[in-house]
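Student: If you scroll down you'll find the structure; I have some questions about it.
What follows draws every value from the coordinates through simple rules; no lab data is involved. In this text, all values refer to a predicted model and were calculated from it rather than measured experimentally. Note that we place each Cβ from the backbone using ideal geometry, even for glycine, and neighbour counts take in every protein chain shown.
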Amino acid sequence: MGRPSKGRATQASTPTVILVRPQLGENIGMATRAMLNCGLSSLRLVAPRDGWPNPKAQRAASGADVVLEKAVLFDSVAEAVADLEHVLATTARNRELTQRILTPRRAAADMRGWIADGHPVGILFGPERAGLTNDDLVCADTVISIPLNPQFSSLNIAQAVLLVAYEWLTAADETPAQRLSDLAVRPATKDELQNLFDHLERALDQSGFLRHKAMRQGMVQNLRAFLQRANMTEQEVRSFHGVIKYLAKGKHSEE
């Protein structure tokens, strides 16, 4: 693998992921898969235990070969971050260093701001067994601490990459919190819902269901509220009209 030239890093639109002394090729591969899932492709490796390239990493990447093929190898963390302007280090431990500590969500927002201003950014992830050392952490200006169960906060390197990368992705994601699964249909209009309710009310009057005058208003209001909450599509409204029409005719199949 090649090494980048010294000096300022070229401007990138995403942060660089730096895996420090990763132990298992499988975890490197799964980390690259997580990266590509979240739109990250710049990978640096610092002294992987089993050498590089590693065929186990390629198998575990499950198609994220574009990340592995561009991975750059370094002997030390200092070399890996030399051309970066902001470096964040992920750790679950307090190693008695005074550093700015962020959640992944806040870190994602800060990283997007730095990158938008043209400042290259890297994220350090430590080895599976022990994590980053103090010597690694002093190469970073910011720490990312992932809030997890304090009684069991252990993550492998691929899981940590996925959590941080996902926050990076969602920090600028505009996917609606709720939508219809079939884009070919549209939500029913209020007029269509009103017509459906009028149809239902007539059918219920004809069947005698609304015969109790004292209870009629409350029952009608509850049914109307139910139909409003249902978030029906225009296709569902048409189907409901057909059900009401069929039932009103009294045509029931007999077994």
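Student: On alpha carbon coordinates alone, what is the Rg over Rh value for region 64-194, Rh being the Kirkwood radius? Mind showing how you got there, number by number?
Tutor: Numbers: Rg = 19.7 Å, Rh = 17.4 Å.
Rg/Rh: 1.14.
Student: If you don't mind, another one. Run the numbers for Asp173 and Leu148: contour at 0.36 nm per residue of separation, minus the present Cα-Cα distance, in nm.
Tutor: Result: 6.7 nm gained on full extension.
Student: Suppose the chain between Ala82 and Val243 were pulled fully straight at 0.36 nm per residue; how much longer would it get relative to their current alpha carbon spacing?
Tutor: Roughly 51.0 nm would be gained on extension.
Student: Which whole-number percent is the relative contact order of the chain (Cα, under 8 Å, 6+ apart)?
Tutor: After rounding, I find 21 percent.
Student: Run lengths n ≥ 4 of DSSP H only: what is the helix-derived mean residue ellipticity at 222 nm for the chain, with -39500 (n - 2.57) per run over all residues, to the nearest 500?
Tutor: -13000 deg cm²/dmol
Student: For the pair Met215 and Gln235, how long in nm is the line joining their label points, each one 7 Å along Cα→Cβ?
Tutor: Between Met215 and Gln235, the simple spin-label model gives 3.7 nm.
Student: A further question follows. Can you tell me what percent of all Cα-Cα pairs in the chain are more than 23 Å apart?
Tutor: I get 62 percent for the Cα pairs in the chain exceeding 23 Å.
Student: Using the Cα centre of the chain as origin and beta-carbon charges of +1 (Lys, Arg) and -1 (Asp, Glu), tell me which of Ser42, Gln23, Ala230 is placed farthest towards the positive end of the dipole.
Tutor: So the residue furthest toward the plus end is Ala230.
Student: Using a 10 Å Cβ count of at most 14 others and DSSP loop calls, identify the longest part of the chain lacking such chymotrypsin sites (Phe, Trp or Tyr not before Pro). Intermediate values should be presented prior to the final figure.
Tutor: Working: sites that count: Phe152, Phe209.
Within the chain, the longest run free of exposed chymotrypsin sites (Phe, Trp or Tyr not before Pro) spans 1-151.
Student: Put +1 on the Cβ of every Lys and Arg and -1 on every Asp and Glu Cβ in the chain; which of Leu97, Ala57, His241 then has its Cα farthest towards the positive end of the dipole?
Tutor: Of the candidates, His241 comes out farthest on the positive side.
Student: Considering the Cα positions of region 147-255, please state its Rg to one decimal place and its Dmax as a whole number of Å.
Tutor: Taking only Cα atoms of region 147-255, I get Rg and Dmax of 23.9, 68 Å.
Student: Exactly which GluC sites (Glu not before Pro) in region 79-121 are in a DSSP loop and have at most 10 other Cβ atoms within 10 Å?
Tutor: Values: sites: Glu79, Glu85, Glu96; in loops: Glu85, Glu96.
Sparse-neighbourhood loop GluC sites (Glu not before Pro): Glu96.
Student: Residue separation times 0.36 nm, minus the C-alpha to C-alpha distance between Lys70 and Ala225: what's the value?
Tutor: Fully extending the segment from Lys70 to Ala225 adds 50.1 nm.
Student: Restricting attention to region 167-247, which trypsin sites (Lys or Arg not before Pro) occupy a DSSP loop and are surrounded by at most 16 other Cβ atoms within 10 Å?
Tutor: In loop regions of region 167-247 (DSSP not H, G, I, E or B), the sparsely surrounded trypsin sites (Lys or Arg not before Pro) are Arg179, Arg211.
Student: For region 70-148, with only Lys/Arg (+1) and Asp/Glu (-1) charged at the beta-carbon, what is the dipole magnitude about the Cα centre, in debye rounded to 20?
Tutor: In total the dipole reaches around 440 debye.
Student: Here's something else I'd like to know. Taking a cut-off of 13 Å between Cα atoms, list the aspartates and glutamates near Lys190, but don't count ones fewer than 8 places away on the same chain.
Tutor: Asp198, Glu234
Student: Could you give the dipole magnitude of the chain about its Cα centre, charging the beta-carbon of Lys and Arg +1 and that of Asp and Glu -1, in debye to the nearest 20?
Tutor: Using only the charged Cβ atoms, the result is roughly 720 debye.
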